[in-house]
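Worksheet: one structure, shown below.
The values are calculated or read from the model by the stated rules, or taken from the named source; none is laboratory data. All figures in this text were calculated on a predicted structure; none of them were measured in a lab. Heads up, the Cβs are rebuilt from the backbone with ideal geometry, glycines too, and the neighbour counts pull from every protein chain shown.
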Amino acid sequence: MRDPLISDRPYRGRFAPSPTGPLHQGSLIAALASYLDARHHRGLWLVRMEDLDPPREEAGAAKRILSSLEAHGLHWDGEVLWQSQRGPAYAAALAQLERDHHLFRCDCTRQLLGPGGACCGHCRERQATLSEPVAVRLSVPAACRIRFIDRVQGAREIALGAEIADFVVKRKDGLDAYQLAVVVDDAWQEVTHIVRGSDLLDSTGRQIFLQQLLQAPTPSYCHLPVITDAAGHKLSKQNHAPPLRDERAAANLRAALRFLGQPQPPEEVDAVADILAFASVNWTLQAVPAVLSITATSATWQPR
Ligand code: GLU
C-alpha cells in the first residue's frame, strides 16, 4: 500500500515551482524529494516553471530559482517548460471540456461567492444573461468522490462534489487556472510520478477529476509533510520564509535529508554532487514521516 509504482511507463518526475519568490528550505524539500525519487528509480526529472500568474510573480524569481537548483546540484533533464508559453494547449483543453458540456460561466462577485469560493448556485441557469467578466467553472457532480493511494500519506478519499464542488478552470481576469494548467502539462510532459508538498493534497482531487474528463493518465502521487511554524503556518514565500543561501548548499541538503527521514551521508562527504549521489542510492520513501506537517521547532530542521 505504501509504495505503489502504479505506472508501467518509464519514470518521469518533475518539480514545478511558481516564480513568486526565491526558493526556501520548504521548496528545497519538495525539489530534493522529487529529484531523489526520480534518480533512485533511474527516471527523468523535469522542471516546469509555473509562471502563469503574473500579478503574483516577483521579477527575477524564475532565474533565481533555477540558479538555486543548480547550486544545490539539482540538474534537470531537457529544457525547462514555461507555462507562460502554453496558452494554446490550455485553450485546447478548455475547448474539449466545453464541447463535452463540462463547463459553465460564472459572474459571481467576491461578495456572492459561497464558502471556499463556490458559485452562488444561480449562474448555471443565467448563462445567456451573464455580464462580463466571467470565470469559467467545471461542473462537478454532487456525488463525485475521488480516491487515490498516496505513496506517503496512504489511501485518501476526497468528497469533490460535496466539499469542493464546481471549481474555476479559467479565472475572471482571463488567466488559466493552476488546476487546469498543471493537468494539461503533466499529461503533455508524460509525468508518471508527482512528489510535492502536502499543501497540494487538496488539489489532487480536482486534478484527478480533470484527468478523467480529459482522458489523461493519472500519475502516482506522493505528498510530503510541509514545514510549519509554531502557529501552524506553512513556511512559504507569502509568510516571508528566508531565501535559501546557495553558498550553504551542502548544509541545506543535509537539513532537507534529515527532515525527510533519510540517512545522512558520512561526514567526510561534503561536495553537493556526492551528497546527492549518496542520497539517491539510499533514498527510502518509507522513511519519510507520513504526516501532513512538521513544525520547524522540532529537531528535524532549524531555521536560521
Ligand atoms: N506551482 C505549484 C507551487 O509552487 C506546485 C505545483 C505542483 O507541484 O503541482 O505551489
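Can you say whether R124 is assigned to a helix (DSSP H, G or I), buried (at least 19 other Cβ atoms within 10 Å of the Cβ), in contact with a Ser or Thr (Cβ under 9 Å, 6 or more places away or on another chain) and charged (D, E, K, R), as far as the supplied structure shows? Steps first, answer last, please.
Values: assigned to a helix (DSSP H, G or I): yes; buried (at least 19 other Cβ atoms within 10 Å of the Cβ): no; in contact with a Ser or Thr (Cβ under 9 Å, 6 or more places away or on another chain): yes; charged (D, E, K, R): yes.
No; evaluated as a whole, the condition is false for this residue.
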Single condition A256 does not satisfy, out of (1) closer than 27 Å to G116 by Cβ; (2) touching a residue at least 24 places away in the same chain (Cβ under 8 Å); (3) small (G, A, S)
(1)
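Would you check if P265 is touching a helix residue (DSSP H, G or I) at 6+ places or on another chain (Cβ under 9 Å) and either surrounded by fewer than 16 Cβ atoms within 10 Å (Cβ to Cβ) or touching a residue at least 60 places away in the same chain (Cβ under 8 Å) (or both)?
Working: touching a helix residue (DSSP H, G or I) at 6+ places or on another chain (Cβ under 9 Å): yes; either surrounded by fewer than 16 Cβ atoms within 10 Å (Cβ to Cβ) or touching a residue at least 60 places away in the same chain (Cβ under 8 Å) (or both): no.
So P265 does not fit the description; no.
Yes/no matrix, rows are residues, columns are (1) farther than 23 Å from S34 by Cβ; (2) of a type in the set (D, E, K, R):
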position	(1), (2)
D173	yes, yes
V182	no, no
T192	no, no
G197	no, no
G205	no, no
Q212	yes, no
Y221	no, no
K234	no, yes
I need the full set of residues from the range 125-143 which are touching a strand residue (DSSP E or B) at 6+ places or on another chain (Cβ under 6 Å) and basic (K, R), in order please.
R137
Here the qualifying pairs (Cβ atoms under 7 Å; residues six or more apart or on different chains; first in the range 105-133 and free of Cβ contacts under 8 Å to residues at least 40 places away in the same chain; second among the aromatic types (F, W, Y)) come out as C123/F104; R124/F104; Q127/F104
Report yes if Q211 is modelled with pLDDT of 95 or more and under 24 Å from W76 (Cβ atoms), otherwise no.
yes
Picking from L260, L244, L253, the residue that is crowded, with 17+ Cβ neighbours inside 10 Å, more than 30 Å from A142 (Cα to Cα), of a type outside the set (K, R) and within 16 Å of the ligand (Cβ to nearest atom) would be L244
Does any residue in the range 187-215 that is more than 27 Å from S236 (Cα to Cα) come within less than 9 Å, Cβ to Cβ, of a residue that is among the acidic types (D, E) and part of a helix (DSSP H, G or I) six or more places away or on a different chain, and which pairs are these?
Q211/D186
For R14, indicate whether it is of a type in the set (D, E, K, R), surrounded by 24 or more Cβ atoms within 10 Å (Cβ to Cβ) and touching a helix residue (DSSP H, G or I) at 6+ places or on another chain (Cβ under 8 Å).
yes
The range 104-138: number of residues that are closer than 15 Å to I164 by Cβ and of a type outside the set (A, V, I, L, M, F, W, C)
6
So how many residues does the range 127-163 have that are buried (at least 17 other Cβ atoms within 10 Å of the Cβ) and closer than 27 Å to S34 by Cα?
8
Close pairs from the range 160-173: first over 13 Å from L210 (Cβ atoms) and in contact (Cβ under 8 Å) with a residue 60 or more places away in the chain, partner of a type in the set (K, R) and in a loop (DSSP other than H, G, I, E, B), Cβ under 6 Å, at least 6 apart:
none
Can you go through S34, S84, S27, S68 and tell me which one is closer than 30 Å to C119 by Cα and within 16 Å of the ligand (Cβ to nearest atom)?
S84
